[in-house]
1. Starting from the Cα of residue 449, step 7 Å along the direction of its Cβ; do the same at residue 241; then give the gap between the two resulting points in nm.
2. Which of 79, 384, 122 sits farthest toward the positive end of the charge dipole of the chain, with +1 on the Cβ of Lys and Arg and -1 on the Cβ of Asp and Glu?
3. Exceeding 23 Å between C-alpha atoms, which entries from my cross-link table qualify? They are 397/483; 253/476; 351/378; 202/227; 397/425.
4. By a straight-distance test (C-alpha under 16 Å), which lysines pair with residue 352 as possible cross-link partners, with residues fewer than eight away in the same chain excluded?
5. Going by average Cβ density within 10 Å per residue, which order do the peptides 448-456, 421-429, 311-319 take, highest to lowest?
6. Give a residue-ordered list of calculated ³J(HN,Hα) values for the range 252-266 (Karplus: 6.51 cos²θ - 1.76 cosθ + 1.60, θ = phi - 60°; whole Hz; x for Gly, Pro).
7. Take every Cα pair under 8 Å in the chain that's 6+ residues apart, average their separations, divide by the length, and report that relative contact order as a whole percent.
8. Taking H placed 1.01 Å from N in the peptide plane, check which residues at least 5 places from residue 528 or on another chain put their amide H under 5 Å from its amide H.
Amino acid sequence: MGALTLRLPSLSSIFIPPYLSSRTPALIRRHNRIQSTVRLCASSTEAAAPPSKSKSEDRAITPRSQDFNAWYLDIIAHAELADYGPVRGTMVIRPYGYAIWESIQDYLNVKFKETGHSNMYFPQFIPYSFIEKEASHVEGFSPELALVTVGGGKELEEKLVVRPTSETIVNHMFTQWIHSHRDLPLMINQWANVTRWEMRTKPFVRTLEFLWQEGHTAHATPEEAEKEALQMIDVYIKFAYEQAAIPVIAGRKSKVETFAGADRTYTIEAMMGDRKALQAGTSHNLGQNFSRAFGTQFTDESGQRQNVWQTSWAISTRFVGGIIMTHGDDAGLMLPPRVAPIQVVIVPIWKKEEEKSGVLSSAVTAYEVLKCAGIRVKVDDSEQKTPGWKFNFWEMKGVPIRIEIGPRDVLNKSVVISRRDIPGKQGKVFGVSMEPDVLVSYVKDKLDEIQASLLRMAASFRDSNIVDVSSYEELKAAISDGKWARGPWSASDKDELKVKEETGATIRCFPFEQPQGAKTCLMTGNAAEEVAIFAKSY
């Protein structure tokens, strides 16, 4: 087997930590640019001895258990998911990373349209006065705003905000479009980029600019708005479980953690491989907060003027980071088949020139059979790399299934199939027939098995790392052990902030699924109606 050698930049240098100022010496920045050059080198299987290790150890993937953050950054670099932009904290999403985002888009776009929403687009420049109209909104977003003060070489009369979210500009337009109850409900979505000036950045998870979808709706009654907010969080739950194989916990945010300008925020919280929580998607019942601020009104059936009731909801490219951190291992990415850009890679193997044409012919035949069956498949017939190099490379890219075809397989009219989720010989099956119906059926079954296996493993990991607690001391102990704490809560916002200050954990949500029976608040000893989940988060 050929050795895999990857010379790639450490992404820890891409997203410069906040303690390094913008005055970082030009020499260091130039060095980082030089280090971004990618060199893929494969040693020949006939080599007399393995190549000597370089002083940088050829940038092998850091073991997950050794340094989770370094492992995450290594995978993003090695799997060619993203690179860094020239502005600190920005990223360039590379084709393979963007293809995962497209899989997310493809699924959600269908669901949004099935639930009655239409896609449109709003400008990314928003007058600052719009942000100021909703008091809690401006207070919540002020630290993250990027402002434009000069345009066309002249000082602007009013500074502009680069879109951090679109509730304000949406309301400005809704006010012009909504007049009567006959104009409601108005339900739209946009796929866009947003800018939030984060001080601590992490690729995909938290960057200055990221991609997302944001839905916005207006309704005639509070009941309709609440139903809409819950409907859209349900869409996100199904996506997480059925497509991304991430067993999220869905629930309501605490008042402290509610979106700035919303009455209620619903969330899906995912446990990452380092047991931190990732807020993977949110749906907000905005009540009439923005419609009152902007005068977004309609005439109801009795002829009275009323403010509309609204929602907004979003999932972003942070979900790509969630997929990496939920399923990856020391070999690299491990992609759920339903979001994988490539579900099957075919690696033809030959040694002698006379074997080449037969092996390649069989590889192309298998490719065409699988492609016609709707499977996303690729043949790696490059001759510059050894089969062993290719095995390592595509494992690192997280492709769910690898098909190997050699001269003996051609004679037997069969293939060898390896599963990404089961390492080594255990995940390899020999002698799978190349008969089209048999091959297609076998591959589809294995893709379904891998999808289910990844969800099952993630759910087992999640459940084994949630601790039920009944006192603050137990909560502190659970968080100190790196676990999630679940316990009854009816304490004040001040108490919630105390937990955050003393443990670093926040209330991730009050889960929709609540245990029955009487409960006593873990902090105050008073009666509690709900349990909350506490965890450290990204």
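1. Result for the modelled spin labels: 2.4 nm.
2. 384
3. 397/483; 202/227, as the Cα separations exceed 23 Å there.
4. Within the straight-line limit of under 16 Å, residue 352 reaches these lysines: 385.
5. Put in order of decreasing packing, that is 311-319, 448-456, 421-429.
6. Working through the residues one at a time gives 9, 6, 5, 4, 4, 9, 5, 3, 5, x, 9, 7, 9, 10, 9 Hz.
7. 13
8. HN-HN under 5 Å from residue 528: 519, 520, 521.
The values are calculated or read from the model by the stated rules, or taken from the named source; none is laboratory data. Model, not experiment: these values are computed from the prediction. Cβ atoms come from the backbone with ideal geometry, glycine included; neighbour counts cover every protein chain shown. Side chains included, ligands, DNA and RNA excluded: accessible areas come from the protein's heavy atoms. Shrake-Rupley method; radii C 1.70, N 1.55, O 1.52, S 1.80 Å.
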